[in-house]
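The values are calculated or read from the model by the stated rules, or taken from the named source; none is laboratory data. On a predicted model such as this, the values are computed, not experimentally measured, just so you know. Here the Cβ positions follow ideal geometry from the backbone for every residue, glycine too, while neighbour counts run over all protein chains shown. Note: areas computed on protein heavy atoms with side chains; ligands, DNA, RNA excluded. Shrake-Rupley method; radii C 1.70, N 1.55, O 1.52, S 1.80 Å.
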Amino acid sequence: MAELAGLVLGFSTDQMLDFYRQGYFPMPVAPVGYGLFSPSRRAVLPLENLRVTRSLRQSMKHYGVTFDKAFADVLAQCAGRNVETDWIDDLLIDRYTELHHRGYAHSVEVWDSDGNLCGGLFAVNIGGLVSGESMFHVGRDASKVALVHLVRRLRDVPGPVLLDAQYQTPHLASLGVVQITRRAYHGALRKVVSRPNVL
């Protein structure tokens, strides 16, 4: 089955929330607008699967981590460092920013000892769904450190959480991300999307 579920020329913030609730995520499709994607094999990170190597544990000692202290900076870094795909365009920046202001998008920031932002990630949160959108790093393992802290926070949340990574990559697989069927993803989504936001 096709991973592209539909095409839209643009969308509002409320429509974007509805996409996620239905199991889709938007990405630009040149030159026609935005595709609504639902991969046949969806990448997710079961919280108990996260792999933290000894070298990563060592790296974690050298960083400070915050949540939602510099969302705009993390978003800008992620957008600027995805030149291979160039998928975080101006409309998505506006929508993610509005989602953040409304409490539906969050960032994890990783700082070095001099107070410089050297890594991070941002995610969309609707109920128990946490959809990891992008991460970046300029310091060693900094994006992985952000992920470890996100998972630690989610492990403290009572009830089920679905941490969505969307597409599998070798890097994500090395951290414990697995693939499930679209049907299994939608089944898990239905169980979590209506609960209070977990972040």
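Students often get this wrong, so try it: which of [x] -0.33, -0.81, -1.19; [y] -0.54, -0.89, -1.16; [z] -0.25, -0.80, -1.37 is log10 I(q)/I(0) by the Debye sum over Cα atoms at q = 0.08, 0.14, 0.18 Å⁻¹ as calculated from the structure shown?
[z]
Mind ranking Trp87, Trp111 by accessible surface for me, highest first, 1.4 Å probe?
If we order Trp87, Trp111 from most to least accessible, we get Trp111, Trp87.
If R₀ is 25 angstrom, what is the calculated FRET efficiency for the pair Phe67 and His186, using the beta carbon separation as r and rounding to 0.05?
That gives a FRET efficiency of 0.30.
Please give every one of the aspartates and glutamates within straight-line cross-link reach of Lys191, meaning a C-alpha to C-alpha distance under 15 Å, and leave out same-chain neighbours fewer than 8 residues apart.
Output for Lys191: Asp164.
With a 1.4 Å probe and all protein chains kept in place, how do Met16, Met60 rank by accessible area, largest first?
Order by accessible area, largest first: Met60, Met16.
Does region 26-89 come out rounded, prolate or oblate by the C-alpha gyration tensor, with a ≥ b ≥ c the root eigenvalues, rounded set by a/c under 1.5 and, if not, prolate when a/b is larger than b/c and oblate if not?
Here region 26-89 falls in the oblate category.
Compute the angle between helix 90-101 and the longest alpha-carbon principal axis of the chain, please, reported from 0 to 90 degrees and rounded to the nearest 10.
70
So which lysines can Lys69 reach, going by Cα to Cα under 22 Å and dropping same-chain residues fewer than 8 places off?
Partners within reach: Lys61, Lys144.
Using the basic label-point model (7 angstrom from Cα toward the beta carbon), what is the Ala30 to Leu4 distance in nanometres?
1.4
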